[in-house]
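Structure first, then comments.
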Amino acid sequence: MKAVQIDKITPAEDVALSDLPIPQVKPGWVLVKVHGFGMNHSEQILRLSEIEAPYIQKPVVPGIECVGEIADPSDTTFKKGQKVVSLMGGMGRSFNGGYAEYALLPAHHVFAVETDLPWDTLAAVPETFFTAWGSLFECLQLKQEDTLLIRGATCALGYAAIQLAKGLGCKVIATTHRESKFPLLKDADETILDDGKLAGKIHDATKALELIGPKTLGDTLRAVEHGGFVCNTGVLGGVYVLNNFDPIKDIPNGVYLTGFFSNYPTQQIMDEIFAFLRAHEIVPSYGAHFTFDKVQDACIALDSHKVNGKIVVTME
C-alpha cells in the first residue's frame, strides 16, 4: 500500500509516499480501507517537532482521523464493507494513523456511520465536528435561546461550530482579526473585528467558544453575560498555558469556565452528530481538497495556513 511514513522532523516539502505492507489484523483491532482523511494542525506539530519526542512510535504514519470501510473486521462485531470513521485514541502517534491506503485501528476508536455523504465531505467530519459538538453541547450546554460568541471563528472548527449552532437555532456572533475574512463568516448573525478587547463591546453573549486560547481567554471571560459559560478549545493565539492564573480574580463572579479535550469519542456521540447533520440538512464544508498522490501539496497547504477551512484528502 501507499502511505506517508516519517521518523524525523519532516517539512511539508519532504513529505512523500512510501510502499508499506498492508497491516495484518490482530484481536481487538480492525483493518480499514481508507477512503479519505481530514488534516489537522496537530499533524503539522508532529512533523515539525513532536516526532522527536520519546513517546512517539517511530517510524509512524501520521493522521489522527480517517474515513473508510472495514476491510477486515478481525474478531470484532464490525462487518466487512461497513462504512466507518475513526479518530484520536493514539492514531498517528502511538500507532500508525490515517495517511495511508489501509489503517489498522483499535476497534474502540472506530465508529460505524450511516450517511450518504461523499468521501470528501465525510472526511471533513470526524475530528472537527466531534470537537465542535463536544465543545458546544457537552461543555457549553448550548440551547436554542443562547447567543453564542465564537472567538477566532475563521478556522475549520469555527465554521463547524457556526453550522451546528445555527442548525440548533442560536444567534451566533463570530470574530476574526482580519476584516478581509468577514465574507467567510456570512452564516453568522454578526461579525466583529477582534482587536484583542471584546469585553464591554458585546452585551448579549450567554455562551462563548474560545478558539484563540489563553492569549484572549481573560478578555472572553469578561465579555459574556453574568451566568455565561466559556469553553476554551483552541490555541490559535499560540499561547498554550495561563501563567500566574488566579481563578478567584480572573474568572468573573457568576461566569463558568470549562474546556474540551477531544480524546474520548464514543459511538453514541458519533450517532448523535450524524443524526443532527441529517435532521438539519447540514452539509459539512471544507476549504481545500487534494487526492492522496498530492499529499505533499496538502501538507504544504496545511503549513502555509492560507486555506480557509478544513483540508481533506481522498484516495482518488
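The values are calculated or read from the model by the stated rules, or taken from the named source; none is laboratory data. Everything quoted here is computed from the prediction, not taken from an experiment. Because the Cβ atoms are built from the backbone with ideal geometry, glycine has one as well, and the counts that use them run over all protein chains shown.
What the table below lists for this structure:
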quantity	calculated
Strands (runs of 3 or more DSSP E) lying entirely in the range 42-117 (those with 1 or more residues that are within 26 Å of I300 (Cβ to Cβ) and of a type outside the set (G, A, S))	65-72, 83-87, 102-106
Pairs with Cβ under 6 Å, 6+ apart, first in the range 68-81 and over 18 Å from M1 (Cβ atoms) and in the same structural domain as H35 (by TED's automatic domain parsing), second of a type in the set (G, A, S) and not in a loop (DSSP other than H, G, I, E, B)	T76/A107
Subset tally (residues that are touching a residue at least 12 places away in the same chain (Cβ under 8 Å) and within 27 Å of F129 (Cα to Cα)) for the range 20-48	20
Residues satisfying the stated conditions in the range 143-179, i.e. in a strand (DSSP E or B), among the hydrophobic types (A, V, I, L, M, F, W, C) and either out of contact with any helix residue (DSSP H, G or I) (no Cβ under 6 Å at 6 or more places or on another chain) or at pLDDT below 95 (or both)	L149, I173
Criterion: over 22 Å from V312 (Cα atoms), hydroxyl-bearing (S, T, Y) and surrounded by fewer than 19 Cβ atoms within 10 Å (Cβ to Cβ) - qualifying residue of S42, S18, S49	S49
Condition check for A12: at pLDDT 95 or above, closer than 24 Å to S262 by Cβ and touching an Asp or Glu at 6+ places or on another chain (Cβ under 6 Å)	yes
Residues satisfying the stated conditions in the range 156-191, i.e. surrounded by fewer than 22 Cβ atoms within 10 Å (Cβ to Cβ), in contact with a His (Cβ under 9 Å, 6 or more places away or on another chain) and either closer than 22 Å to G213 by Cβ or not assigned by TED's automatic domain parsing to the domain that holds T233 (or both)	Q163
Of the criteria (1) closer than 24 Å to F129 by Cβ; (2) in the same structural domain as A107 (by TED's automatic domain parsing), which one A279 fails	(2)
Boolean, G218 is outside any loop (DSSP other than H, G, I, E, B), small (G, A, S) and either buried (at least 21 other Cβ atoms within 10 Å of the Cβ) or assigned by TED's automatic domain parsing to the domain that holds L185 (or both)	yes
Any pair with Cβ under 6 angstrom, 6 or more apart, that starts in the range 1-19 at a residue that is in the same structural domain as I64 (by TED's automatic domain parsing) and at negative phi and ends at one that is modelled with pLDDT of 95 or more and among the basic types (K, R)	D7/K58; T10/R47; L17/K2
Residue in the range 184-200 that is touching a residue at least 12 places away in the same chain (Cβ under 8 Å), closer than 17 Å to D146 by Cβ, touching a helix residue (DSSP H, G or I) at 6+ places or on another chain (Cβ under 9 Å) and not in a loop (DSSP other than H, G, I, E, B) present	no
The lone exception for A205 - which of (1) closer than 21 Å to K143 by Cβ; (2) among the hydrophobic types (A, V, I, L, M, F, W, C); (3) outside any loop (DSSP other than H, G, I, E, B) it fails	(3)
Residue within the range 39-50 that is acidic (D, E), touching a Gly at 6+ places or on another chain (Cβ under 7 Å), in the same structural domain as C299 (by TED's automatic domain parsing) and within 17 Å of I311 (Cα to Cα) present	yes
Only one of T206, T176 that is among the hydroxyl-bearing types (S, T, Y) and within 28 Å of F274 (Cβ to Cβ)	T206
Per-region count, the range 54-90, residues touching a helix residue (DSSP H, G or I) at 6+ places or on another chain (Cβ under 7 Å) and surrounded by 24 or more Cβ atoms within 10 Å (Cβ to Cβ)	8
